[in-house]
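Read the figures in this text as sums done on the coordinates, not as results from a lab. Keep in mind the model is a prediction, meaning the values are calculated, not measured. Ideal geometry is used to build each Cβ from the backbone, glycine not excepted, and the neighbour counts take in all protein chains shown.
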Amino acid sequence: MNDSTEPRLGADFAARVLNEADRIGARRRRQRGWAGLAGIAGVALGLFVWANLLAGRPEGQQTANTQRFEEMTREVSNGRADEPEALDYMFPDAGPVARFAEQYSDANDGGADMDLLGDEDAGTP
């Protein structure tokens, strides 16, 4: 075979290629449409099942669960009042946060506690 000759394409070659590309594009559009429809149906089915599961629970059970959660929260918060926190171990000499809240309570008003930097830290002579 001679490498210098190029193959001859038929007169309808470009039309056949474009028709094939159109068929492939149409098939992909159909597949995307069906996939989108299946996704929407799946989400709708999931919401329907979820709504029915919530509707099937008696109202008293929801209230009992809420009350139990509130009781557990109170128990935990009361039990932790006496226990030291992690910051107490890391910084044993640190004061409570409430002390700082009282000391800097007028910081937004421009009170005397506003001067956090001394003259030597502020760079003034």
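Each residue of the stretch 26-42 was assigned a 3J(HN,Hα) from its phi angle through the Karplus expression (A = 6.51, B = -1.76, C = 1.60, θ = phi - 60°), giving 5, 5, 5, 5, 4, 5, 5, x, 5, 5, x, 5, 5, x, 5, 5, x Hz with x at Gly and Pro. In this label model, Trp34 and Tyr89 are separated by 6.0 nm, measuring between points 7 Å along each Cα→Cβ vector.
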